[in-house]
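Contents: one structure, followed by commentary.
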Amino acid sequence: MRIKHWDYMRGTNKYLGLRRIVITLIKDILLKKPSCLEVPIKEVYTATNNLHQSNVIGQGTAGKVYKGIMSTHQQVAIKHIIEENVDTVIREVTSLSHVKHPNLVSLLGCCVNEDECFLIYELCPNGNLSEWIFGKDKALSWIRRLEIAVGSATGLSFLHTYPEGCIVHRDIKPTNILLGPNFEAKLSDFGLSKVIEAGQTHVSSEVRGTFGYLDPKYQDNRRVNSSGDVYSFGIVLLQILSGKKVVNLNEDKPMSLDKRAKGLTKGGNTMEFADPKLDGEYSVEAFDLTLRLALSCTTMKQERPSMEQVLVILQEALEISTRAKASSPEFMSA
């Protein structure tokens with residue numbers, strides 16, 4: 001991985017225009033990859049109906065994301081990079097051009113034309129996790145929620161144990177967990193990612209991320225490490241379990257989701273934390289195991305588990321739930 005390339009490009013940002021920076025990046029990294037396509041600007045505009053608002057499917061750290069249909073009839077997601085976010089696209093391209101995994105969104109190609117830059121990704125037809133957790137007309141079964149959690153943890157564990165350096169995502173949240181055709185989880189939006197080289201425990205950085213998912217330790221000391229991703233993932237797990245936002249501002253005394261979970265756990269009322277849309281169809285044993293795991297990920301008093309450890313426990317919860325569903329009609333009491 002060309003870690004130093006980021007610093008070089010970032011240092012030249014003030015001297016080079018967007019086009020020169022991105023062209024250099026593409027020639028040096030992307031277009032040397034046989035699997036990466038250089039897409040003509042005309043095809044990008046045709047695929048997105050001239051970047052029509054009706055084709056917008058998301059907003060990443062680098063710009064809007066459009067749904068498009070290429071001339072090959074392949075459906076793709078096209079991210080329109082704006083000039084203010086050159087650093088973001090450099091991080092994203094550098095990360096995704098070097099790492100490949102079934103639980104990471106695939107970067108398929110790119111397009112550069114004068115002052116415009118587009119990145120072409122595989123399209124995840126089932127949208128993102130946020131739409132399914134918080135959408136009024138959508139619902140995920142207990143088993144599916146655990147499968148998505150396992151897939152997300154698998155991708156994050158892969159990043160954290162990457163041989164050429166631990167890759168810290170820095171913006172794990174439901175909108176950045178995309179869902180493929182079979183609801184397989186794929187981590188996306190690597191615009192804030194950082195690499196920690198072998199032998200280092202952390203890198204220092206300005207505080208970046210999303211409110212509610214930011215590790216308080218990182219906000220205090222500005223040290224980027226894998227533990228910050230674990231914290232964010234723990235918050236996501238709490239949302240998968242409860243179907244609730246990080247903070248409910250409509251309450252008289254708003255309480256963060258992790259504090260609510262801790263209070264219910266101490267009082268022995270963990271089932272009150274369950275998403276009503278589950279309708280009682282889940283394994284109590286697996287739910288309790290997953291909830292306690294989520295709280296260990298967000299703890300401030302002791303060392304958090306690694307994503308490898310998180311993955312093992314989630315797989316156990318999934319196995320428990322699968323057995324319970326197969327053997328007992330009273331799924332909730334399993």
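The values are calculated or read from the model by the stated rules, or taken from the named source; none is laboratory data. From a predicted model like this one, the values you see are computed outputs, not experimental measurements. Here the Cβ positions follow ideal geometry from the backbone for every residue, glycine too, while neighbour counts run over all protein chains shown.
For segment 243-265, the condition of being in the same structural domain as K186 (by TED's automatic domain parsing), surrounded by 13 or more Cβ atoms within 10 Å (Cβ to Cβ), more than 20 Å from I133 (Cβ to Cβ) and not small (G, A, S) holds for at least one residue. Select from segment 120-148 the residues that are in contact with a strand residue (DSSP E or B) (Cβ under 8 Å, 6 or more places away or on another chain) and hydrophobic (A, V, I, L, M, F, W, C) and write down the one among them that is farthest from S232 (Cα to Cα). Result: I120.
When restricted to residues that are surrounded by fewer than 24 Cβ atoms within 10 Å (Cβ to Cβ) and among the acidic types (D, E), segment 172-196 contains 1. Among the candidates V207, V224, which residue alone is over 30 Å from A286 (Cα atoms), surrounded by fewer than 16 Cβ atoms within 10 Å (Cβ to Cβ) and hydrophobic (A, V, I, L, M, F, W, C)? Of V207, V224, the one residue that is over 30 Å from A286 (Cα atoms), surrounded by fewer than 16 Cβ atoms within 10 Å (Cβ to Cβ) and hydrophobic (A, V, I, L, M, F, W, C) is V207. The condition (being without any contact (Cβ under 8 Å) to a residue 24 or more places away in the chain and within 26 Å of Q315 (Cβ to Cβ)) is satisfied by just one residue among P181, P163, P174: P163.
The criterion of at least 1 residues that are free of Cβ contacts under 8 Å to residues at least 40 places away in the same chain is met, among strands (runs of 3 or more DSSP E) falling completely within segment 70-157, by 75-81. A search for C-beta distances below 7 Å between a residue of segment 184-206 that is among the hydroxyl-bearing types (S, T, Y) and any residue that is modelled with pLDDT under 85, counting only pairs 6+ apart in sequence or on different chains, returns S193/R91; S193/S95; S204/R222; S205/R222. Evaluated against (1) modelled with pLDDT of 80 or more; (2) under 26 Å from the mean Cα position of the chain (by Cα); (3) loosely packed, with under 15 Cβ neighbours inside 10 Å, I78 falls short on exactly one condition, (3). Remark: pairs (first residue in segment 278-295, free of Cβ contacts under 8 Å to residues at least 24 places away in the same chain; second residue among the aliphatic types (A, V, I, L, M) and surrounded by fewer than 16 Cβ atoms within 10 Å (Cβ to Cβ); Cβ separation under 8 Å; 6+ apart in sequence or on different chains) are absent.
So, L318, is that one in contact (Cβ under 8 Å) with a residue 60 or more places away in the chain and assigned by TED's automatic domain parsing to the domain that holds Y231 or not? So L318 fits the description; yes. Here N13 clears all of (1) surrounded by 17 or more Cβ atoms within 10 Å (Cβ to Cβ); (2) of a type in the set (S, T, N, Q); (3) at pLDDT below 70 except the condition numbered (1).
Filter segment 296-315 down to residues that are among the β-branched types (V, I, T) and touching a residue at least 60 places away in the same chain (Cβ under 8 Å) and give me whichever is surrounded by the fewest Cβ atoms within 10 Å (Cβ to Cβ). Per the criteria, the residue is T298. Annotation: K136 fulfils all but one of (1) under 15 Å from the mean Cα position of the chain (by Cα); (2) surrounded by fewer than 24 Cβ atoms within 10 Å (Cβ to Cβ); (3) not hydrophobic (A, V, I, L, M, F, W, C); the unmet one is (1).
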